[in-house]
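*Asks:* Submitted below is the structure of interest, expressed as structure tokens.
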Amino acid sequence: MSKGRILVVEDYKEISQMLADFLMTHDYEVECAYDGKKASELLKQNTYAIVLMDLMLPYKSGDVLIKELREHSNTPVICLSAKSQVETRLEVLRMGADDYILKPFDLDEVLVRIEVVMRRAKVPTENASKTAENECIQEGQLMLFPEKNRATYEGTVLALTAKELKLLQLFLEQPDKTFTKANLYESVWNDIYYYEDNTINVHMSNLRSKLKKATGKDYIETVWGIGYRLKKQEEPYVDGN
């Protein structure tokens with residue numbers, strides 16, 4: 001059984017192939033991307049157990065890829081880089097990387113780091129991952145598939161941004177909770193909510209507008225003086241006679 005699928009993002013094909021061969025002998029599936037543009041496409045299309053990523057890449061750098069990935073996924077990332085400066089490593093970790101390995105590296109160390117990061121992230125097995133991909137959170141005909149970063153209404157995919165999907169997920173997962181703006185900001189933006197800068201208002205307005213346009217219904221309501229909560233949808237009346 002596969003231990004998981006790994007994306008190796010490395011522009012030196014010799015290093016990429018060496019990592020791929022080594023990891024496959026340890027029961028991992030491996031995909032390779034040799035530049036940032038291709039890696040960006042793969043990360044948007046597929047789900048991986050973990051990503052091994054060089055920082056210096058053609059077309060799109062590793063730090064940009066990490067920022068993009070963190071907009072829609074918590075997939076673990078281990079950076080591979082020859083840059084040894086402490087400031088560089090700290091900055092990459094702040095961006096959302098889970099670990100940092102200096103080049104040249106020992107393959108056994110890479111394997112151990114992968115195992116540690118995956119264990120810490122509690123990455124599911126292949127079968128569990130496939131099950132999770134098919135799981136959804138539902139309110140009436142509105143369905144959200146967290147692992148696929150997709151929401152649908154009556155089978156039609158909704159054009160929601162990554163932030164809007166995360167906001168919607170909060171409401172669907174906790175339908176009885178009233179969220180303050182601070183709750184929403186700290187959960188979705190992963191930062192401390194210091195003051196009102198209109199960020200929440202804009203995103204909530206866009207989300208509610210898109211849901212209304214697609215469904216004809218109001219799925220989120222304002223609780224004046226507190227925040228927002230999911231609006232319960234009335235079940236259609238069915239005459240049993």
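*Asks:* Got at least one residue in segment 226-234 being open to solvent by less than 80 Å² (accessible area, probe 1.4 Å), more than 25 Å from the chain's Cα centre (by Cα) and modelled with pLDDT under 90?
*Replies:* Scanning segment 226-234, I find at least one residue that is open to solvent by less than 80 Å² (accessible area, probe 1.4 Å), more than 25 Å from the chain's Cα centre (by Cα) and modelled with pLDDT under 90, so the answer is yes.
*Asks:* Do we find a residue being under 18 Å from GLU109 (Cα atoms) and surrounded by fewer than 20 Cβ atoms within 10 Å (Cβ to Cβ) anywhere in segment 30-44? Show your work before the answer.
*Replies:* Initial filter on segment 30-44 (under 18 Å from GLU109 (Cα atoms)): 30.
Next, from what is left, pick out any that are surrounded by fewer than 20 Cβ atoms within 10 Å (Cβ to Cβ): 30.
Checked against the condition, which is being under 18 Å from GLU109 (Cα atoms) and surrounded by fewer than 20 Cβ atoms within 10 Å (Cβ to Cβ), segment 30-44 yields at least one hit.
*Asks:* Out of THR25, THR47, report the one residue that is out of contact with any strand residue (DSSP E or B) (no Cβ under 6 Å at 6 or more places or on another chain), surrounded by 15 or more Cβ atoms within 10 Å (Cβ to Cβ) and over 16 Å from LYS103 (Cα atoms). Spell out how you get there, then give the answer.
*Replies:* On the way: THR25 fails: surrounded by 15 or more Cβ atoms within 10 Å (Cβ to Cβ).
Residue meeting the stated conditions: THR47.
*Asks:* A further question follows. Tell me, yes or no, whether segment 77-86 has at least one residue that is touching a Ser or Thr at 6+ places or on another chain (Cβ under 8 Å), in a strand (DSSP E or B) and closer than 21 Å to GLU147 by Cβ. If you could, list the steps in order and put the result at the bottom.
*Replies:* In the first step, residues of segment 77-86 are kept if they are touching a Ser or Thr at 6+ places or on another chain (Cβ under 8 Å); the result is 81.
With in a strand (DSSP E or B) added as a condition, the list becomes 81.
Narrowing further to those that are closer than 21 Å to GLU147 by Cβ: none.
No, there is no match, as no residue in segment 77-86 is touching a Ser or Thr at 6+ places or on another chain (Cβ under 8 Å), in a strand (DSSP E or B) and closer than 21 Å to GLU147 by Cβ.
*Asks:* Among what's in segment 177-225 and is part of a strand (DSSP E or B) and out of contact with any Leu (no Cβ under 9 Å at 6 or more places or on another chain), pick the residue that is most open to solvent (accessible area, probe 1.4 Å).
*Replies:* So in segment 177-225, the residues part of a strand (DSSP E or B) come out as 179, 220-223.
Okay, now just the ones that are also out of contact with any Leu (no Cβ under 9 Å at 6 or more places or on another chain), so 222-223.
Details: THR222: 45, VAL223: 26 Å².
Looking at the filtered set, the residue picked out is THR222.
The values are calculated or read from the model by the stated rules, or taken from the named source; none is laboratory data. The shown structure was predicted, so the numbers you read here are calculated from the model rather than taken from an experiment. Virtual Cβ from ideal backbone geometry, glycine too; neighbours counted across all protein chains shown. Protein only, heavy atoms only, side chains kept; ligands, DNA and RNA dropped before computing areas. Shrake-Rupley method; radii C 1.70, N 1.55, O 1.52, S 1.80 Å.
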